[in-house]
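Below is one structure, written out as structure tokens; the observations come after it.
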Amino acid sequence: MTIGLMLTSLAVILFGGFAAVFAGGAGKGASRIGVVSCVTGAVLAVVAAGTVLWTGAESSMRLAWQVPFGSFYIAVDPLSAFFIITISLVCALAAIYGTAYLDAYRGRKNLGAAWCFFNLLFVSMLLVVISRNGILFLAAWEAMSLSSFFLVMFEHEKPEVREAGWIYLVAAHAGQGCLMFLFLLLGGQNASLDFDKFTFRLKRISP
């Protein structure tokens, strides 16, 4: 049930982001869809994470997929539950604040695109903390980096904004390169980058 709530949360936020694009970039419809989907998804995620914190039991799902190096493996344990609650509360509050903040740009900026990237950022941050496979983690990290980049570049007509955006993008991908190297190092000769395989390997080489 817990992992099902998490998947439902991700689906609601993601669907809301794409729906905001088609709601009219210059109107209030995009903001309404964006904030409602964010708050609804945040509530579902907090309930799922709160259940794990209350029971102390990990909830996971592992599915075979066509991507090499492991499986589609996600899990919510007490540690990730703490970060899920933190991310959800911050993003929900940011979405509520964002409706008033973006209203000043109505008619001048595409608000639907802004909400789409914000919701994608929300989903990708949640995926980062529940991913238990290196490829899935890196895909979520890439989505997080790109959505953040486009949000930073919201006022791209300003030179200082463009400079900050490109600096952020380079830093984010430098971090991703280090993470990729770490996963390959921990995976060793294994044909899987599932995180539980990393744990097994570390236990074997411990003194």
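We did not get these values from a lab; they are worked out from the coordinates using the rules stated. Remember, predicted model here, so these are calculated numbers, not experimental data. Note that we place each Cβ from the backbone using ideal geometry, even for glycine, and neighbour counts take in every protein chain shown.
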- prompt: Can you give the percent of C-alpha pairs in region 1-96 whose distance is more than 22 Å?
  reply: 38
task: Return the FRET efficiency for the residue pair Leu63, Glu160: r is the Cβ-Cβ distance, R0 is 35 Å, and the value is rounded to the nearest 0.05.
output: 0.20
message: Report the Cα-based extents of region 2-205 along its three principal axes, largest first, to the nearest Å.
response: 60, 39, 28
query: What is the extension gain from Thr8 to Leu182, computed as 0.36 nm multiplied by their sequence separation minus the C-alpha to C-alpha distance, in nm to one decimal?
result: 59.6 nm
query: Along the Cα-to-C-beta direction of Phe22, a point sits 7 Å from the Cα; which residues of region 116-131 have their amide N less than 15 Å from that point?
result: 116
task: Calculate how many DSSP beta bridges within the chain are antiparallel, expressed in % of all such bridges and rounded to the nearest 5.
output: 90
query: Assuming R0 = 45 Å, what is the FRET efficiency of Asp103 and His173, from their Cβ-Cβ distance, to the nearest 0.05?
result: 0.85
query: Nearest 20 debye, what's the magnitude of the dipole of region 2-205 about its Cα centre given +1 on Lys and Arg Cβ and -1 on Asp and Glu Cβ?
result: 160
- request: Show that you can apply the helix-only estimate: for the chain, add -39,500 (n - 2.57) for every DSSP H stretch of four or more residues, divide by all residues, and state [θ] at 222 nm to the nearest 500.
  value: -25500 deg cm²/dmol
query: All other residues with a Cβ under 11 Å from the Cβ of Gly134 taken together, and with Lys, Arg as +1 and Asp, Glu as -1, what is their net charge?
result: +1
- request: Specify the angular offset, from 0 to 90 degrees and rounded to the nearest 10, of the alpha carbon long axis of helix 195-205 from the longest principal axis of the alpha carbons in the chain.
  value: 40
- prompt: Going highest first, how would you order 1-14, 165-178, 125-138 by mean Cβ packing within 10 Å?
  reply: 125-138, 1-14, 165-178
field: Whole-Å semi-axes of region 93-183's equivalent ellipsoid (Cα gyration tensor)
entry: 27, 17, 8
